[in-house]
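All remarks here apply to the structure that follows.
The values are calculated or read from the model by the stated rules, or taken from the named source; none is laboratory data. Not measured: the values here are computed from a predicted model. Neighbour counts are summed over all protein chains in view; Cβ atoms, including those assigned to glycine, are modelled from backbone coordinates with ideal geometry.
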Amino acid sequence: MNSFQKVSQALNLKNNIVYLGFLVIFGFFAIMLYDDGFLTSRNLSNIVLQTAPATIMAIGLVFALSAGEIDLSFGSIVAVSALTTAVVMQEYPIFIAVAAGMLSGLAIGALNGVLVAYLKLPSFLVTLATMGLFAGVARAMTNLRSIPAIDPNFTGFFGSGKLFGVPSLIIWTVVAVAVGHIVYRQSKFGAHVIATGDNARAAQVSGIHVNRIRLYVLSLSGACAGLAGILYTGRIQAAKYTLGEADLMIVIAAVIVGGTALNGGKGSIIGALVGSLLMGMLNNGLILMQYSVSQQMMVRGLIILVAVAISLRDVSR
Amino acid sequence: MNQQAPVLELKKIRKTFGAVVAIQDFSLELYAGKVTALVGDNGAGKSTLVKIMSGVYSPTSGDILLDQEPVKFKNSSTARAKGIEVVYQDLALCDQQPVYMNLFLGREYTKSPIPVLDRKRMVKETEALVKELDVRIPSALSAISDLSGGQRQGVAIARATHWAEKLILLDEPTAALGVAETARVESIIQGLKARNIAIFIISHSLDQVFRLSDNICVLRQGVQIGVRETAKTDKNEIVSMITGLSY
């Protein structure tokens, strides 16, 4: 491939609409909200910090969608993982609490995976059901009470603190995106995930264990949601059953706008990161524009609709 | 025709599904460098036979000999590991992926010590292979969905060729193609003979079978009616063998 082709491919708007959209909306807010402090470094870093859990969930969802599966349950997993971490932390050391939170996410994801891969149930229905099931579990765990998690070591490492002078949530985001991107683009596993979502039969006859792939991606999505729950808990210094509740639409929109196909075989981790930042920026800008909560929801829904329509229009064949 | 030992030999293969007998008492020898065509009416058992040879089904009774050694294929992976490749009728390509990733689907090269995909090497080998087989595609980096039907078929055949050490099974390789594309694919198949592997082709087109094959095997209702040397038979004989009607 010569450099001209590389440049034209890099500029391929069909696949890179998220970057353009990001720049346009960023420019819009930068001009409209200049006097309201949108462009201050404090506000911009706030956007990144607030979107960290959604970005981590989006990474897991890119893998699941690429393999031709969907996960609707990650929002509920966030709540279960957050509460598990906070409850365990009241009695045990931090690392045990964090491990328990991660494990709870991984276990629910693996349950989704087993039901989909080996009982051959559609992931849409399985994760719709587990979404409801574990939303209930999260409510029952602490009788709707929120559980504080104020240990400074915990919040420092997983939330509001800094590591090496950098906010820890930014480090988590960068590391998760980098690892996710490399695994997705550069590993055999990533290639097999994409092939499974593209043409499961072709993958199967080529010796790829497609059921194992399905189990792995849904487990991974659960684990990512588990980590997101821990990061939420660290940031707001408490766990509550409502955590993750509002993320379903935002994360799915971030991933789709970021260039991941709803029906598998195509995706982008970097696109999902930018999509997630785009959603966070929208959220932030709409608040600064002093829309009421109900207006924010409507505007956000409309913008997501437009963004998803634009990014899907060219992809459909 | 018997100057060499057969690459693959089927001996008294029988396959039943419950009470239904799909294949009975089928024997056939396939030789390196030769194209053997399987013809038969719809429902004669051609697909079942391909699935037995590629390890998807195991025969109810009978033996499969590969290089004169009896083999049992547990599944299509074990058949592939022994050098048998299939070009499926639906091609089994991942449409959104580039040509080179399809060529190495499930068998991607990785670098060492860190096992990241070695795309450069896969692209290079793909380019060399499509050039050698004269599969005319724009680039090894093109997505399958951007290729024509004939080009896709060419990619599927190239993939099989790359990995087959003993035998390529082609299931209706030109069923979905136009005249010019069929000619292209046929010339690719002709080119495979020089690679000293056995080629087994299922086709509904007798014209094609006569153009391509060295031997023709006729299957009717699960029974092998006979094998003819293509040079020593004609269409009338084959048609009457397929239909069971004399003329």
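Within the group A:228, A:191, which residue is more than 30 Å from residue A:97 (Cα to Cα), buried (at least 24 other Cβ atoms within 10 Å of the Cβ) and at pLDDT 95 or above? Before you say what the answer is, go through the steps one by one.
Values: A:228 fails: more than 30 Å from residue A:97 (Cα to Cα).
Testing whether each residue is more than 30 Å from residue A:97 (Cα to Cα), buried (at least 24 other Cβ atoms within 10 Å of the Cβ) and at pLDDT 95 or above leaves just A:191.
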Of all residues in segment A:202-231 being among the hydrophobic types (A, V, I, L, M, F, W, C) and within 14 Å of chain B (Cβ to nearest Cβ), the one that is nearest to residue A:72 (Cα to Cα)
A:213
Selection from segment A:256-273 of residues that are surrounded by 23 or more Cβ atoms within 10 Å (Cβ to Cβ) and assigned to a helix (DSSP H, G or I)
A:256, A:257, A:269, A:271, A:272, A:273
If a residue counts only when it is within 11 Å of chain A (Cβ to nearest Cβ), which helices (runs of 4 or more DSSP H) contained entirely in segment B:42-121 have at least 3 such residues?
B:76-81, B:99-103
Can you name every residue in segment A:289-306 that is of a type outside the set (D, E, K, R) and surrounded by 15 or more Cβ atoms within 10 Å (Cβ to Cβ)?
A:289, A:291, A:296, A:299, A:303, A:304
Residue B:136 versus (1) touching a Lys or Arg at 6+ places or on another chain (Cβ under 9 Å); (2) within 29 Å of residue A:182 (Cα to Cα); (3) of a type outside the set (Asp, Glu): which is the lone unmet condition?
(2)
For segment A:67-76, indicate whether the set of residues that are modelled with pLDDT under 95, part of a loop (DSSP other than H, G, I, E, B) and not aromatic (Phe, Trp, Tyr) is non-empty.
no
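Report yes if some residue within segment A:130-140 is charged (D, E, K, R), surrounded by 23 or more Cβ atoms within 10 Å (Cβ to Cβ) and either closer than 30 Å to residue A:265 by Cα or at pLDDT 95 or above (or both); otherwise report no.
To start, the set of residues in segment A:130-140 that are charged (D, E, K, R) comprises A:139.
Those still in the list that are surrounded by 23 or more Cβ atoms within 10 Å (Cβ to Cβ) too: none.
Checking segment A:130-140: not a single residue is charged (D, E, K, R), surrounded by 23 or more Cβ atoms within 10 Å (Cβ to Cβ) and either closer than 30 Å to residue A:265 by Cα or at pLDDT 95 or above (or both).
Given the structure, is residue A:41 at negative phi, polar (S, T, N, Q) and in contact with a helix residue (DSSP H, G or I) (Cβ under 8 Å, 6 or more places away or on another chain)?
On the way: at negative phi: yes; polar (S, T, N, Q): yes; in contact with a helix residue (DSSP H, G or I) (Cβ under 8 Å, 6 or more places away or on another chain): no.
Taking the combined requirement at face value, the residue does not satisfy it.
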How many residues are within 7 Å of chain B (Cβ to nearest Cβ) and farther than 20 Å from residue A:123 by Cα if we restrict to segment A:175-201?
4
Scanning for something touching a residue at least 24 places away in the same chain (Cβ under 8 Å) and either within 14 Å of chain B (Cβ to nearest Cβ) or assigned to a loop (DSSP other than H, G, I, E, B) (or both), does segment A:118-133 turn up at least one residue?
yes
Unmet criterion (only one of (1) within 14 Å of another protein chain (Cβ to nearest Cβ); (2) touching a strand residue (DSSP E or B) at 6+ places or on another chain (Cβ under 7 Å); (3) surrounded by fewer than 22 Cβ atoms within 10 Å (Cβ to Cβ)) for residue B:28
(1)
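Tell me, please, whether a residue that is surrounded by 14 or more Cβ atoms within 10 Å (Cβ to Cβ), among the small types (Gly, Ala, Ser) and under 30 Å from residue B:19 (Cβ atoms) can be found in segment B:207-224.
Yes, the conditions are met somewhere in segment B:207-224.
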Where a residue in segment B:230-241 is closer than 13 Å to residue B:39 by Cβ and its partner, wherever it lies, is aliphatic (A, V, I, L, M) and not in a helix (DSSP H, G or I), with Cβ under 7 Å and at least six apart:
B:230/B:216; B:233/B:216; B:238/B:39; B:238/B:216; B:238/B:218; B:241/B:218; B:241/B:225
Qualifying residue in segment B:189-203 (condition: farther than 21 Å from residue B:137 by Cβ, modelled with pLDDT of 90 or more and in a helix (DSSP H, G or I)):
no
In the set B:117, B:103, which member is over 21 Å from the mean Cα position of the chain (by Cα) and at pLDDT 95 or above?
B:117
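Tell me which residues, restricted to segment B:3-18, are among the hydrophobic types (A, V, I, L, M, F, W, C) and either modelled with pLDDT under 90 or crowded, with 21+ Cβ neighbours inside 10 Å (or both). Talk me through it step by step, then tell me what you get.
Start the filter on segment B:3-18 by keeping residues that are among the hydrophobic types (A, V, I, L, M, F, W, C), which leaves B:5, B:7-8, B:10, B:13, B:17.
The answer is B:5, B:7, B:8, B:10, B:13.
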Just to be sure I understand, how many residues within segment B:205-224 are free of Cβ contacts under 8 Å to residues at least 60 places away in the same chain, over 10 Å from residue B:37 (Cα atoms) and not polar (S, T, N, Q)?
2
Just to check your reading of the model, which residue among A:207, A:180, A:244, A:234 is surrounded by 19 or more Cβ atoms within 10 Å (Cβ to Cβ), in a loop (DSSP other than H, G, I, E, B) and not β-branched (Val, Ile, Thr)?
A:244
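Rundown of residues vs (1) within 20 Å of residue B:174 (Cβ to Cβ); (2) free of Cβ contacts under 8 Å to residues at least 24 places away in the same chain; (3) assigned to a helix (DSSP H, G or I); (4) within 11 Å of another protein chain (Cβ to nearest Cβ), yes/no style:
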| site | (1), (2), (3), (4) |
| --- | --- |
| B:123 | no, yes, yes, yes |
| B:129 | no, no, yes, no |
| B:135 | yes, no, no, no |
| B:140 | no, no, no, yes |
| B:154 | yes, no, yes, no |
| B:157 | yes, no, yes, no |
